[in-house]
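A short write-up of the structure that comes next.
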Amino acid sequence: MSTTVLASRLLLKYCAAQKLGMPYMVSDTISCKVDWQQREIGKLLGCCAACNVLVVAEISRLARSTLQVLEIMKGPASRWRAM
């Protein structure tokens, strides 16, 4: 079983256990050299509302650097909460 499939199953189980509903899953295969706003995560965060929950397998997978991860979390922080 691939790591991606295993991570997806674990995320689905977590969402079910936390009663978060059916998740919208994004698999980003674009190069890390592309700015995060232009990737799937940027589009997803642009649509998030205050009632949305962001669940990630690894926080470091959001971007290629710690600074970008912090930028991602800072921008829409008023609209969503991270778990």
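The values are calculated or read from the model by the stated rules, or taken from the named source; none is laboratory data. These numbers were taken from a predicted model, which means no experiment stands behind them. As a convention, Cβ positions derive from the backbone with ideal geometry for all residues, glycine included, and neighbour counts pool all protein chains shown.
What to note about this one:
- Answer residue from region 1-42, given it is among the small types (Gly, Ala, Ser) and surrounded by 11 or more Cβ atoms within 10 Å (Cβ to Cβ) and is farthest from residue 60 (Cα to Cα) among those: 16
- Selected residue (criterion: farthest from the chain's Cα centre (by Cα)) from residues of region 22-72 that are basic (Lys, Arg) and at pLDDT below 80: 33
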